[in-house]
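Everything below concerns the one structure shown next.
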């Protein structure tokens, strides 16, 4: 029985909706919609002015049609009219329409903003709320410009009604998210903090959300909220359930507010004040205790609400990472959940424990649950839960359990979902390399990876195994033998052929003594796979063949025959043909010595950060939803562009805890940053120029552009990422003993291949001799980089010419008679000076001089030569 | 710490018909349609015993089925999943109280009311009023402001 609308029930609308539902086909629906659109269009254009009710009805119909998925390109004017109406229901529909069908026509925007302004000023709380809801729903930059400074006032005004305060707080929160630069900090911030003490819990809830967001931008401004939040949380957690009345949810006291307060506290480190810290600890213990009490209700809502608070409390404990007892208790609680009946709780426990695993206080406690987690991997029906189990195993892996965990992950890989295979492969490769004591185990693991999930073994993985084998003498023989055996399998993955081809090419000689793996056998084995392989693999195999010719003269003729064959020499692919031709020729004309030199064993690779980790972070880390309006950063990396969805979701600005976890797993292997030398090799070049490259290494290029006026200077520093991987946690600071240098904060992330700009404002207050130093830190591929560069700010930059009459000049010159005022330095020129050239230069300079004094000086100079 | 709030809420039937869409982030219509299409497919493919959360792109999706309607919320990966489940439940409670034993048809024929109720409860993706009584009071007050209609058409 279709429910008739409550209140004024627009019957025409209900009839229309019924009609649509009764349409038997998509075509019928479209036909009915078009008929209605034509009707509405004519009504809107008609001579008769429509009454408010009809307008409302038609606008509502348009909205319905739009929400069905059809495009609507008219009705905005009528909607704007509605929202300026004095009748609440008309206003409501008007606002709803323009919040859903956002229009960027500037005239319309002006009219809308006008309507909102009037409603905000109306002192009617219901109207004010409508206006605030609209701003919060649309949150456009134009609205932010119009209202961002007004709303804080509404929020903290004493006579504002509670419901309006709530709307204002969240409205401001939305504006701060989309246009943070337009929300001014001011004395209202202190009053917002005070709202945490409000009697009305709804106001407190909204204020907490607002403060949490603002505190991320300006943590110092909201520091005082910590003690208020702890006090409030404490009162809630210890209250009897009847105390909070409306805010008790299924016998849980104010769960939403508790969660929000706990989240606010995660914006700050543990409180320094001992009394406050202990009060908070008590609070957290109470929450943990409650989890052990028998439930007050069987309803799932009760346990969800209770556990929501519990999980958030655990998140705070993990964030603080300072109370070992709490951490261990949290771990035990999660351990209990690991075996809970409810899938949701098992999922959440696995997820939460991942973060616990990286804390030094709880790492061991987490490891005790390894068997349970392995069991989850094997038995859980939901793939999301299995994935969490994989993540947890990866996080808890260390030297003591690496072998077991890798084995479990490999066996899981055999049946894993295709969508997650690549990630598991990367993780196994990373673990195997990190915890290998015996590198034969590492080689076995990688070859297993290729066997089980060859398609998902990316280049980085098999490059790495080759690098390692090349660098480690002790495993080369084993690698050759294992690869040889693996290749015997009737159907082996192409990646195995690549690895095998390379390794046998380099180290086949180590197993050539055994008749079962004699040179000819090896060659035949490789060549049997040749025709099954793609072009890049064949190219690799050809290189292996020429290496064989060098290693094993006895098979030279056989291989040459192969190279000589038409299918090689006349191969359609240029690379293959070239290799075949050149290798053949090389094998014919080169003497054994030359051949041996050309095809000498590969030298060890330089030790470098594993690219596998970078690849994993790219996969796991903040990705982007496709087809989003990508506000592309300009070349100089300025982020003034209006915030699109990608910016809102731009987790790039703060590394997600997932990415941090991976960095932490490796942190013990990266050496603490050594004291860096200050680079000043390019420094002298900047004495006479203001622009250029001041520093460059393999990863980073730093360029400068500066301008000076009187005692002020401005320097544009350009950081260029020369690699294809992101720089994370990028920070730069300037240290100077004598100058005042102000720098604007920089983005912590520089994308691969991108450039970022930083502006430094320099003020010279007195003479100085030491140049300021630019200190840069960032993470590349997991390793922390530290660079210090001397900035070419010299005293002469602040010199300004001044005009004076020659008599004044000589008067002053004569005054500089005291011994310490005269300095003469004789130095050898680095490069020979051609006297004639120098003379000409000076003479040319003289002709440029306008006054007699300079001309006389030039004459004197030129006579010296 | 990244933003923690709802990114969007979708209500859809078991046949995949969208009954309500509330977006808390700016997106183009094309993007919204794409997300809706893909997410609806993904959620409808879930089996009953699976957990209520799933990772989708970089987001976490929290969903629950009430009778013939799926309620689907997208939150940040690190956001609190259980409290989001209860946001869904609270919204259902509000609808239920307002319509008196709510069913899908109520939401179809009174879609604008569903949006109004949602706005009183959530704003900018965050819970603004978590007392059921207060939310219902606000909605009732608004209803009282409705004038009597004078020309049925």
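A short reminder: the numbers here are calculations on the coordinates, not readings from a lab. Model, not experiment: these values are computed from the prediction. Backbone-built Cβ (ideal geometry, glycine too); neighbour counts: all protein chains shown.
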Problem - region A:221-317, relative contact order [Cα under 8 Å, separation at least 6], % - result: 35
Handout entry: Averaged over B:73-79, number of beta-carbon atoms from partner chains that fall within 10 Å
Key = 3
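Relative contact order, percent, of chain B when contacts are C-alpha pairs under 8 Å separated by at least 6 residues? Mind dumping the intermediate values first?
Details: 173 pairs, mean separation 35.6, N = 153.
Contact order relative to length: 23 percent.
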Fill in the blank from the handout: For chain B, longest principal axis from Cα atoms; helix B:29-44 axis from its Cα atoms; angle between them, nearest 10 degrees, is 70
Practice task
Once you have the Cα-Cα distance between residue A:685 and residue A:274, take 0.36 nm times their residue separation minus that, and quote the gain in nm to one decimal.
Solution key: 142.5 nm
Completion exercise
Scoring chain A by relative contact order with C-alpha pairs under 8 Å, at least six apart, yields a percentage of 5
Fill in the blank from the handout: Checking B:117, B:61, B:139 against a Gaussian network model of chain B (alpha-carbon springs below 10 Å), the top fluctuating residue turns out to be B:139
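Could you work out the Rg to Rh ratio of region A:692-738, with Rh taken as the Kirkwood radius (inverse of the mean 1/r over all Cα pairs)? Working shown, then result.
On the way: Rg = 13.3 Å, Rh = 12.7 Å.
My calculation puts Rg/Rh at 1.05.
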Practice task
For helix B:81-99, report the angle its Cα long axis makes with the longest principal axis of the Cα atoms of chain B; keep it between 0 and 90° and round to the nearest 10°.
Solution key: 20
Fill in the blank from the handout: P(r) over all Cα-Cα pairs of region A:291-361, 10 Å bins from 0 to the longest distance, whole percent per bin, short to long, reads 19, 55, 23, 3
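In which sequence would A:306, B:30, A:615 go, from the one with the fewest C-beta neighbours within 10 Å to the one with the most? Write down the numbers at each step before the final one.
Numbers: A:306 25, B:30 10, A:615 21.
Placing the least packed residue first, the sequence is B:30, A:615, A:306.
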Exercise for the section: Select from B:103, B:72, B:51 the residue whose mean-square fluctuation is largest in a Gaussian network model of chain B (Cα-Cα springs shorter than 10 Å). Expected result: B:51
Practice task
Take each of the peptides A:549-555, B:129-135, A:596-602, average the number of other beta-carbon atoms within 10 Å over its residues, and list them starting from the highest.
Solution key: B:129-135, A:549-555, A:596-602
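Given a Förster distance of 56 angstrom, what is the FRET efficiency for residue B:144 paired with residue A:27, based on the Cβ-Cβ distance and rounded to 0.05? Walk me through the numbers before you get to the answer.
Details: r = 43 Å, r/R0 = 0.77.
With a Förster radius of 56 Å, E is 0.85.
Which whole number gives the average, over all residues in A:56-66, of C-beta atoms from other chains lying within 10 Å of the residue C-beta?
Working: counts 2, 2, 0, 1, 2, 0, 0, 3, 4, 0, 1.
Mean number of neighbouring Cβ atoms from other chains: 1.
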Exercise for the section: Take the alpha-carbon centre of region A:251-318, take the same for region A:674-743, and report the distance between them in whole Å. Expected result: 47
Practice task
Could you check which residue among B:114, B:138, B:127 shows the biggest mean-square fluctuation in a GNM of chain B with a 10 Å Cα cutoff?
Solution key: B:138
Practice task
Ratio to report: Rg/Rh of region A:321-396, with Cα atoms as the point set and Rh obtained by the Kirkwood method; give two decimals.
Solution key: 0.95
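Give me the Å³ per residue figure for the convex hull around the C-alpha atoms of the protein assembly as shown. Could you put the intermediate results ahead of the total?
Values: hull volume 283.0 nm³, N = 1018.
Convex hull volume per residue, Cα atoms: 278 Å³.
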Completion exercise
The alpha-carbon center of region A:112-157 and that of region A:467-546 are separated, in whole Å, by 72
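When you look at the Cβ of every residue in A:134-147, what mean number of other chain Cβ atoms sits within 10 Å?
On the way: counts 1, 2, 8, 7, 1, 4, 1, 1, 0, 0, 0, 0, 0, 0.
Mean partner-chain Cβ count within 10 Å for A:134-147: 2.
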Handout entry: Rounded to 10°, Cα long-axis angle of helix B:111-121 versus longest principal axis of chain B
Key = 80
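For the protein assembly as shown, what does -39500 (n - 2.57) per DSSP helix run (n ≥ 4), summed and divided by total residues, give at 222 nm, in deg cm²/dmol to the nearest 500?
Numbers: 44 runs with 556 residues, N = 1018.
Estimated from H runs of four or more residues: -17000 deg cm²/dmol.
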Problem - Semi-axis lengths, Å, region A:221-317, gyration tensor of Cα atoms, sqrt of 5 times eigenvalues - result: 24, 13, 12
Completion exercise
Note: region A:95-206, point scatterers on Cα, Debye, no solvent; log10 I/I(0) at q = 0.11, 0.13, 0.14, 0.22 Å⁻¹ equals -0.32, -0.45, -0.52, -1.25
Completion exercise
For region B:6-150 the translational diffusion coefficient, Stokes-Einstein from a Kirkwood Rh over Cα pairs at 37 °C and viscosity 0.692 mPa s, in µm²/s, is roughly 206
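So what is the diffusion coefficient of region A:417-599 in µm² per second by Stokes-Einstein at 20 °C and 1.002 mPa s, using a Kirkwood Rh over Cα pairs?
Values: Rh = 17.0 Å.
Roughly 126 µm²/s, to the nearest whole number.
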Fill in the blank from the handout: Neighbour-count ranking for A:204, A:581 (other C-beta within 10 angstrom, fewest to most) reads A:581, A:204
